[in-house]
Structure formats: structure tokens, C-alpha cells
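The values are calculated or read from the model by the stated rules, or taken from the named source; none is laboratory data. None of the values given here were measured: they were computed from a predicted structure. Neighbour counts run over all protein chains shown; Cβ positions are idealised from the backbone, glycine included.
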Ligand code: BJW
């Protein structure tokens, strides 16, 4: 089957879907200028050590180093804009009765594009809590976005106004549990959806990587969009090779042409 046939088949599945779950990963944001994690040359983990930046131990040992790196990440995201792929997912809400995006991304780009139902299972770069007691903390723009420095230059992590412990980003580091209620919701939706669209994830990080398996076992059609095969491709009914920013708008155009929900 050639790429146009795959797009048409994917569009037909989406047109008949009642409940769609879209699982996104770092590849979804790549064309907005945000690097992925595992690209061999440009990926964040090719340039920075996750053990030193994305674990509780790392923060405990050197909060300023970790805080400085997340300030650098926040600056990257602040300059980024949602791309046509994000907007195509918003348009999908007019074509399928219920659409939920389960994103591993912490950049908030789906929400900025206008997607209505987004579960950010790895947290959000722009929310903060304290390290010791999880008190939610509000920060000023200057505290969240201090002047540009090197990504590896430490920046003093602010203190929680209630308990004095250091402030951390409200994201999920390795070895930390995901929000229990949100994960339960994501699993339940995966088990009840009729189509799951998986975009731009390597499928190596659990528990998010298990969601396509849950959907597939429950009989959903799995459609994957990625620039290259991933760990999840063997489970996919349809693999569409290409970037999110090119494939998703093309897919949406076909859904609209085909009528879609209420169309
Ligand atoms: C394009 C594209 C374009 C490029 N268009 N495509 C079971 C088995 C094995 C291990 C475990 C397991 N269960 C738990 C674990 C341990 C661990 C884990 O999974 N480790 C694996 C690496 C082996 N998981 C955890 O620790 C999780 N916690 C947990 O399970 O807790 C249990 C617990 C319970 C009770 C008490 C205590 C604990 C937490 C995982 C948190 C992950 N955190 C990070 C950092 C978040 C904050 C931050 O951003 O700084 O999340 S790591 C990083 O990986 C980030 C991402 O969300 C995540 C996934 O990466 P993603 O999105 O797939 O990106 P890439 O780069 O890997 O892939 C990009 C893809 O896009 C590629 O395929 C490209 O081809 C493609 N692409 N450009 C379309 N333009």
C-alpha cells in the first residue's frame, strides 16, 4: 500500500470513529523548533545526561543545575509556536464526536493551538511545585524566565513561600509516578476508543508506551505517524511515514473531503 492509500484508509477510520485518542510525543513538537529526546544528533539526551537532569536525585544533589536547564527549556518553548499539525488536531474535533489528546509533551503547545481535551501525562513546564511537600507555587515571569544563559549554567532555584524548600517544575522525572487519576483516565480512554492515533513518539517510555497496546487489545484501530518506525510500529494497523506538520494537515483535508462527523 502506497502513502496516499494509507492516508485515505486512515481518513476513513477517523470518519467512522466515535471516540478518538491521540497519543503524542516529542516528534509532535519538533517542527515547532523543540528538540526531541532520542534523536542521535539533535536529541536532548544526546547532549545532556538524563540522570543528571531528570531525576529526583539529580535535583536533590544540584537543584540549581536542574533549574537552569529547565529555564533553558522554557525559553525554547516560549519562542515556539504550534504548527499546522497541532492545528489539524484541533480541526479533528469537528470531525469526530470525542477527541482526547494524551500528550507526553510538557510544552503546552496542544493547549495553545486550541485543543479542548488534553491530558498532559508528564506534566507542564509552566507549572511549579516545591520539591519537599508538593505545594503548588506561582512564579513571576522573571523567576520562570530569567535572562538567557548557557543551558548547563546553574540558576538559583526559587524557594517555596510556604515551606522554604526549593521549587521544581511540575513535570514527571524518571522513577516518579504519573498523576494517578490522569493515568487511570488515559488508560480507560485507551480501552474504550475505537481509533488511536499515535504521533511522534519512540514508544520507549512507560507507562505512556503501553497505551497503544491497551487500545489495540480492546479492538481499536491504531494509526501511527512518525518519521521512522518506532517500538510501536509493529502494533500499528497503519504506519504513515512523515512529519506531523505535513501528514496531519493532509489527513485532516481527506477527513473533511470525506464528510466527517456532521459534515
Ligand atoms: C517525528 C518528528 C516529526 C521526530 N514528526 N515524528 C516498564 C518497562 C521498562 C521501564 C519502565 C517500565 N515502567 C517504568 C519504567 C521506567 C521508566 C521508563 O519507561 N524507562 C524507559 C526509558 C526504559 N519510566 C518512568 O520512570 C516513569 N515513571 C514510572 O513508571 O513510575 C512508576 C512508579 C510508580 C510508583 C512510585 C514510583 C514510581 C516516568 C517517566 C517520565 C519520563 N520523563 C521524561 C522527561 C519529562 C520532563 C522533561 O521533558 O524534561 O519524559 S523522559 C522523556 O521521554 C520525556 C518524554 O515525554 C518521554 C518520551 O519521549 P518521546 O516523546 O517518545 O520522544 P523521543 O525523543 O523518544 O521520540 C521522538 C519520536 O518522534 C521518534 O520516534 C522520532 O522518530 C519521531 N519524530 N521528529 C513526527 N517532525
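Summary of values
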quantity	calculated
Extreme residue, nearest to residue 65 (Cα to Cα), among residues of the range 163-179 that are part of a strand (DSSP E or B) and under 17 Å from the mean Cα position of the chain (by Cα)	169
Residues within the range 221-231 that are crowded, with 19+ Cβ neighbours inside 10 Å and either away from the ligand (no atom under 14 Å from the Cβ) or under 20 Å from residue 11 (Cα atoms) (or both), tallied	6
Residue within the range 1-19 that is within 12 Å of the ligand (Cβ to nearest atom) and at negative phi present	no
Members of the range 39-57 found to be part of a loop (DSSP other than H, G, I, E, B) and more than 11 Å from the ligand (Cβ to nearest atom), listed by number	41, 49
One residue from 211, 251, 197, 189 being under 15 Å from residue 22 (Cβ atoms), away from the ligand (no atom under 15 Å from the Cβ) and either part of a loop (DSSP other than H, G, I, E, B) or in contact (Cβ under 8 Å) with a residue 40 or more places away in the chain (or both)	189
Residue identified as closer than 21 Å to residue 94 by Cβ and at pLDDT 95 or above among 244, 210, 236, 218	244
Count of the range 206-220 residues which are more than 17 Å from residue 244 (Cβ to Cβ) and surrounded by 18 or more Cβ atoms within 10 Å (Cβ to Cβ)	5
Enumerated strands (runs of 3 or more DSSP E) restricted to the range 58-162, each holding at least 1 residues that are at pLDDT 95 or above, more than 16 Å from the ligand (Cβ to nearest atom) and under 21 Å from the mean Cα position of the chain (by Cα)	98-103
